[in-house]
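No lab work stands behind these numbers, since they all come straight from the coordinates. Everything quoted here is computed from the prediction, not taken from an experiment. Note that each Cβ is placed from the backbone with ideal geometry, even for glycine, and that neighbours are counted across all protein chains shown.
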Amino acid sequence: MGNADLRDLAVIEDVSFDDLGGSVVAVDAHNWLYRYLTTTVKWTSESVYTTSDGTEVANLVGVVQGLPKVFEHDLTPVFVFDGAVVDLKDDEVEKRREQRAQYEDALEDARERGDQIAIARLESRTQRLTETIIETTRELLRLLDVPVVDAPAEGESQCAYMARRGTVDYAGTEDYDALLFGAPYTLRQLTSKGDPELMDFEATLAAHDLTWEQLVDVAILCGTDFNPGITGVGPKTAVKLVREHGDLYGALESRDEHIEHADRIRTLFLDPAVDDVDVQTTIEPDVDAARTYVTETWEVEAEEVARGFKRIEESLVQTGLGDWA
């Protein structure tokens, strides 16, 4: 289901970081990292984050710039990394791959024209989370003693499950699909300036008089990452159909429509592959080792990450990060 569709349905309110202090947040690592990665690429010279052998590690700049915002507000981040890609998502992955190829062609044209504004925009759109990016991010988080969880499948579904189970207080992602995975409370805009948004699962269900299953059915009718929607059916129409006919199957029958793999798609949201995990939230960051890893091992310009590391060090004193429990 498109983000615009789900935002139309979701109950969202602004929340102050001051009200979140001491909380634990399961962060959708790929979602969070991609946003900082694209920002870094867009606004930072390539020479800053490219090693002598040509390896790009803009992610390390992004992590150092992004973590202070979480630390300074006394939040414990738990980074959840994606596992295997669900086979039903192959079409979506291929679509994104084709879109990236189009951006890469446009980027080449922009470079030939010398259009710096277009270059900056398109470079951010062609970024991928490479194996090196994932591995170096994980190592930097390890040095900073930030908890990491490996999801068996979708990182977002694991975040939602951890929030439902009470392992963490919030899921943290920009993706509205956290609602479909049943995350009780989701913090959005953790990567943006200012305070975050709070997306409320139960309030969303109550606002539309839907059950969790029916909310998923509404999404399937509109279209998800795993299926195209029914032509002409938007969120309002989908809600009406599900409420009138009880569920997805009744709604489809009423319109003489069919959605391939409907049962499997429902299960992917309602009963996804997730793991029970315990999270250690008492951390002792080794900032010196992390700084050395970024600036010496991976040759990131020291001045580019100096302020970020300073903010991390200051947050250790201000919030007592090493005393989290």
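When the range 1-65 is described by a simple charge dipole with +1 on each Lys and Arg Cβ and -1 on each Asp and Glu Cβ, the residue from Leu9, Leu20, Ala58 located farthest towards its positive end is Ala58. Gln318 sits among other residues whose Cβ lies under 11 Å from its own Cβ, and their net charge, with Lys and Arg +1 and Asp and Glu -1, is -3.
Tell me, what is the FRET efficiency for Lys42 and His258 to the nearest 0.05, using R0 = 41 angstrom and their Cβ-Cβ distance as r? Result of the calculation: an efficiency of 0.45.
Using the Cβ-Cβ distance between Arg113 and Val148 with R0 set to 41 Å, the FRET efficiency works out to roughly 0.45. For the set Lys69/Lys236; Lys193/Lys240; Lys193/Lys310, the pairs lying more than 28 angstrom apart at their alpha carbons are Lys69/Lys236; Lys193/Lys240. Sum up the charges of everything whose Cβ sits under 11 Å from the Cβ of Asp247, counting Lys and Arg as +1 and Asp and Glu as -1, but leave Asp247 out. For residues surrounding Asp247, the net value is -2. Charging the Cβ of each Asp and Glu at -1 and of each Lys and Arg at +1, and nothing else, the dipole of the range 118-261 about its Cα centre rounds to 400 debye.
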